[in-house]
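Taking it in order: structure first as C-alpha cells, then the write-up.
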Amino acid sequence: MKLNKPLSATSLKEFGKSPAHLIAYQNKVFETSDAKELGSLIHTLILEPDEFDTRYFCLDEEEILLDLAASGAKSPRATKVYKDWKAEELIKAGDKIMLTPEVLRVATTAALKAQDLPIVQAITLREEFIEWEFNEAKFRGYVDGAGLTLPLELQDFPGQGFIIDVKTTRDASPKAFARDVFNMDYHLQAALYCNGNKTLNFAGPDPKFFLLAIETKEPFNCQLYEVTPDFLFKGEMKAEILTDRYKDWDGEPYGYDYGRDDSTNGVIKLSPPAWS
C-alpha cells in the first residue's frame, strides 16, 4: 500500500530497487549486518557523541576472565561467578545495543582518524533534520553537517558554504569509493540535499557537497571527497526519474520489472554488463 508520508533519500533508493523494497523499508523490515551496525556506531561517535551512553553498552569481560583464570578456573565462562557477573551486566545494559571491546576499539579508532582531518576540525559535524519538496514530492532527511562558510582554502567564491555527509567503507581509495557512490546512490542523496538547501538555505547559495569516507579496517584511512557538479547532475536526474515513477505508482508491491523498458510480461532480458 502506498503510504501518505514524506520520502527520504533512503526510501527513494529502496523504491529504485523495486516497490516491494520500499514497502519493506517503510514497514521497518530492515536487514542488519555487522558493517551497517559498525557504520551506525561510528556515526554516533562523530555526530552524536552525547548519545553513545544511551544507545550502547560495552560488555568488557577481559578482567573477570583473567581473574577467574588466575584463581584456577579452567573454563571461566562456565563458572557461576562469571554467569552471575554477566547476568548483572545484561541488566545494566537493558535494551541498549551490546558492543564488544574490539568493536568499540575499531569504531573509536576510525572516528578519531576522521576527526583528525583538518577540514573536520575546521567545521561542525552535527546531524540536522530537514524537510523540503523535490519534484512535487515531500522529502525529509538528516544532514550530517552543513555551514554557511567553508575554510578559505576550499572556497571557490567568498563566503561559499558546504554540506557534508559521513560514509563508512572498507576501501576509501578514489577508484573504489567512486564505485560505492554509484552503487549506493550517494550522488542521489547528495543531489537531494543540495536541492533541499535551495529551499531552506542552511548552507547558503551554491554550496560544495563533500563525502567523508571513513575506512572501517586498518589502516583506517579517511578521505574527504568533493562531489563534482557532473556527479550531482547525474544524482538529480536519477532522483527526478524515481520521483516521477513514485508519483505514478499505484501502491502495489511490484518486483524488479516495475518501470523497466526491457520487461515484457514480467520477463526481463538479461544482457552482459558493460564491464564484461
All-but-one check, residue 130 against (1) surrounded by fewer than 16 Cβ atoms within 10 Å (Cβ to Cβ); (2) at pLDDT 90 or above; (3) under 17 Å from the mean Cα position of the chain (by Cα), failing number (1)
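Residue by residue, here is whether (1) in contact with a Phe, Trp or Tyr (Cβ under 7 Å, 6 or more places away or on another chain); (2) at pLDDT below 95 holds:
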| position | (1), (2) |
| --- | --- |
| 134 | no, no |
| 147 | yes, yes |
| 155 | no, yes |
| 163 | yes, no |
| 183 | no, yes |
| 186 | no, no |
Name the residues in region 80-105 that are exposed (fewer than 12 other Cβ atoms within 10 Å of the Cβ) and under 23 Å from the mean Cα position of the chain (by Cα), would you? 95, 102
Looking only at region 220-246, and only at residues there that are among the hydrophobic types (A, V, I, L, M, F, W, C) and open to solvent by less than 60 Å² (accessible area, probe 1.4 Å), the one that is farthest from residue 119 (Cα to Cα): 242
Can you find a residue that is in contact with a strand residue (DSSP E or B) (Cβ under 9 Å, 6 or more places away or on another chain), part of a helix (DSSP H, G or I) and open to solvent by less than 30 Å² (accessible area, probe 1.4 Å) anywhere in region 51-67? no
Given (1) farther than 15 Å from residue 226 by Cα; (2) open to solvent by less than 10 Å² (accessible area, probe 1.4 Å), number of the condition residue 150 does not satisfy: (1)
Would you check which residues across region 1-22 are out of contact with any Leu (no Cβ under 7 Å at 6 or more places or on another chain) and either surrounded by 20 or more Cβ atoms within 10 Å (Cβ to Cβ) or of a type in the set (S, T, N, Q) (or both) and list them? 4, 7, 8, 10, 18, 19, 22
Taking region 247-265 and the residues there that are in a loop (DSSP other than H, G, I, E, B), out of contact with any strand residue (DSSP E or B) (no Cβ under 9 Å at 6 or more places or on another chain) and surrounded by 10 or more Cβ atoms within 10 Å (Cβ to Cβ), the one that is modelled with the lowest pLDDT would be 259
Within the group 36, 28, 92, 74, which residue is among the basic types (Lys, Arg), out of contact with any helix residue (DSSP H, G or I) (no Cβ under 7 Å at 6 or more places or on another chain), assigned to a helix (DSSP H, G or I) and more than 21 Å from residue 186 (Cβ to Cβ)? 92
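The values are calculated or read from the model by the stated rules, or taken from the named source; none is laboratory data. Everything numeric here is computed off the predicted structure, so don't read it as measured data. Glycine also receives a Cβ, built like all others from the backbone with ideal geometry; neighbour counts cover every protein chain displayed. In case anyone asks, the SASA skips ligands and DNA or RNA and just uses the protein heavy atoms, side chains included. Shrake-Rupley method; radii C 1.70, N 1.55, O 1.52, S 1.80 Å.
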